[in-house]
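The values are calculated or read from the model by the stated rules, or taken from the named source; none is laboratory data. Quick caveat: nothing in here was measured; it's all calculated off a predicted structure. Cβ: placed from backbone, ideal geometry, glycine included. Neighbour counts: every protein chain shown. Calculation scope for accessible area: heavy atoms of the full protein, side chains included, ligands and nucleic acids excluded. Shrake-Rupley method; radii C 1.70, N 1.55, O 1.52, S 1.80 Å.
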Amino acid sequence: MELVVDQDVVAITGSLERILRCGHGTAEVQMCQSILPCHANHQGELGAGQLLKWMDTIACLAAERHAGTPCVTASMDDIQFEETVRVGQVINIKARVNRAFNTSMEVGICVSVQDVLSGVSKRMCVAFSTFVGKPVGERKVLLRPVDFLNSAEERLEHSLASERRRLRLYNQEAFDNLMVDYCALKDKGAGKRKDSNPAQRISTECTQIESIELVLPPHANHHGNTFGGQIMAWMENAATVAASRLYGTYPTLKAVDMFQFRGPSSVGDRLVFKAMVNNSFQTSVEVGVRVEAYNCEEWTLGRPRHINSAFLLYQRSRTEGQPLTCPEVIFTTQDGERRYLAAIVRKRIRMARKHILYSRDEGPLSVPWDKSNQVYLGYNNIAALTVLAEKETWEASSVSSKVGVFVLEELDSLSIKVEMEVNTSAIHAFSLLSDLRLRTHWDKHYLSCEEVDKADEEETVYHIKCSPLNGNKICDFVFLLSKRQPCKDGDPYVIALCSVTTENLPPVDNCTRSEAKCAGFIIHRISHSTCKVSYYNQVTSGVLPFVEGSLAGWSKSMEETATSCITFLEQDTISTAF
């Protein structure tokens with residue numbers, strides 16, 4: 001979400017100022033704060049806990065402005081902190097209700113930081129909170145819809161809000177599905193680094209901390225409940241201490257994987273914060289925090305109320321001479337193993353959410369098809385697939401007896417690999433897969449495929465139409481298929497695909513022209529009657545809708561398509577001759 005940042009924000013350097021832009025419908029709420037030493041940590045940087053307080057306050061005010069009734073925080077989606085804020089700078093926080101559903105609403109929050117001397121503004125983070133009206137008795141508060149869509153930006157966020165809500169509702173189902181997959185993979189080294197040294201691993205138990213806070217009147221909001229932002233600030237403090245025990249130095253909070261509020265607390269409650277490092281990755285660690293609340297009676301009886309959970313991601317602070325890589329951890333208990341694997345699953349879901357929600361148009365990916373230049377185009381096609389296949393950092397997602405799914409994320413690029421063990425010869429699999437017209441027999445997404453042009457036996461241009469998704473138009477692709485047989489024993493068969501443009505097939509109104517950057521099959525011979533078929537795809541915005549369910553964990557579409565492909569290849573009933 002991109003919100004306009006006021007350039008004269010530096011004029012406001014004192015106490016809190018809230019601007020309500022009144023008019024038709026709901027207002028945008030804005031907070032400006034000058035960062036003082038009391039807001040900063042020992043390094044002179046704005047404390048993340050303080051920022052979370054402000055973000056929750058401004059989001060609550062926006063929610064109440066729309067609902068016309070007191071509201072409470074239900075959750076705050078994952079937050080990516082992009083910039084560091086230092087004492088003397090000014091932050092501007094804006095919040096606006098993007099969409100109201102039946103009893104909940106999404107509030108978009110944008111935080112920018114401005115340097116007073118230079119006047120340069122930068123976006124610090126974007127977050128999305130879910131609020132509900134505070135119920136009166138047992139009745140939930142019904143919300144009126146948002147009907148103030150005055151700009152293209154507001155209409156876009158209104159539309160995307162429903163997609164984000166869909167992901168939130170699928171989150172637990174996706175988590176459960178992926179946990180099953182990763183539990184099956186734990187004996188295959190899921191999540192372990194290639195440079196792993198068991199002697200240098202640190203037990204997650206060494207990072208465990210417990211902290212208690214008494215809720216006093218200053219900690220309560222205007223509804224009499226503990227201020228949600230205050231709870232988030234206390235959680236951030238506990239998590240930071242746990243992360244520092246692993247690093248041996250002060251860590252930097254880089255992201256939050258969703259705060260989930262399970263129930264309220266009030267003045268007089270004792271809040272117990274339990275934090276522990278769950279897992280460490282190449283450059284980050286995940287810390288889990290659980291909040292339990294007790295009133296006086298519950299405190300005596302030892303009956304806690306679980307009111308909040310969150311997972312926070314830290315990196316080592318940048319210090320000259322110190323690497324950014326994280327120490328590797330090891331679990332020593334059954335619960336530690338569950339936390340370890342769950343952290344890997346959450347990392348996978350975060351990756352999927354990022355690419356699904358924030359995918360952007362990459363610009364033109366197709367190259368013009370020129371039969372006279374087919375040698376050069378074919379070389380680039382084959383080379384791109386070969387380079388992708390040689391990457392060493394593929395992470396297993398699910399592996400069965402015949403199908404394995406792997407993912408690879410590099411910066412903003414996401415790729416998938418599907419490995420299939422097939423009981424047929426490599427040359428037979430090559431002959432069937434290298435004719436895209438046969439793909440309609442096993443890939444449910446392919447509606448039709450026609451040969452458009454052919455340079456020789458190795459380069460062919462195809463026009464493919466794919467089934468519409470989510471009620472959209474039919475998608476079509478124009479692919480250059482380049483195929484190569486092995487030059488010597490041990491070499492694989494290669495079938496590479498990339499999008500091309502041709503004057504004979506311009507985009508048409510009833511189809512959405514989509515593009516693929518790099519895709520294809522690499523087939524290795526295992527024996528005279530078996531082979532391994534590996535499918536690769538460097539996911540683009542045009543391809544993403546076809547694989548997002550598998551990436552996010554709410555479907556098994558890639559595994560199902562792979563199984564259908566194996567069945568087709570092993571049937572040996574269709575000839576490639578037409």
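The figures follow:
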| read-out | value |
| --- | --- |
| Unsatisfied cross-links (Cα-Cα over 21 Å) in the set Lys391/Lys517; Lys454/Lys488; Lys254/Lys354 | Lys454/Lys488 |
| Relative contact order, percent, the chain [alpha-carbon distance under 8 Å, six or more residues apart] | 11 percent |
| Whole-number accessible area per residue in Å² for the chain, which is evaluated in the context of all protein chains at 1.4 Å | 46 Å² |
| Leu414 long-range amide H proximity, modeled H, under 5 Å | Val539 |
| Tilt relative to the chain, helix 152-185 - C-alpha long axis, 0 to 90 degrees, to 10 | 70 degrees |
| Region 355-430: relative contact order in percent, alpha carbon pairs under 8 Å with at least 6 residues between | 16 percent |
| Long-range amide H partners of Arg262 with built H, under 5 Å | Asn308, Ser309 |
| Nearest-0.05 FRET efficiency for Glu82 and Ala383, computed from C-beta distance (R0 30 Å) | 0.30 |
| Binned Cα-Cα distance frequencies in the chain - 10 Å width, integer % | 3, 15, 23, 23, 18, 12, 5, 1, 0 |
| Rounded FRET efficiency, nearest 0.05, which uses the C-beta distance separating Ser413 from Ser211 and R0 of 45 Å | 0.65 |
| Three-way shape label, region 498-560, alpha-carbon gyration tensor, a/c 1.5 | oblate |
| Relative contact order, percent, region 500-578 [alpha-carbon distance under 8 Å, six or more residues apart] | 19 percent |
| Evaluated at q = 0.13, 0.23 Å⁻¹: base-10 log I(q)/I(0), Debye formula over Cα of region 87-150 | -0.52, -0.92 |
| P(r) weight above 18 Å for region 264-383, C-alpha pairs, percent | 71 percent |
| Between 0 and 90°, nearest 10: helix 228-247 axis offset from the chain longest Cα axis | 60 degrees |
| The chain - percent of accessible surface contributed by carbon and sulfur, probe 1.4 Å | 50 percent |
| Cα-Cα pairs of region 384-534 separated by more than 24 Å (percent) | 39 percent |
| Helix 334-357 axis, angle to the chain major axis (alpha carbon atoms, nearest 10°) | 70 degrees |
| Whole-Å distance, taken between Cα centres, linking region 482-508 and region 385-433 | 17 Å |
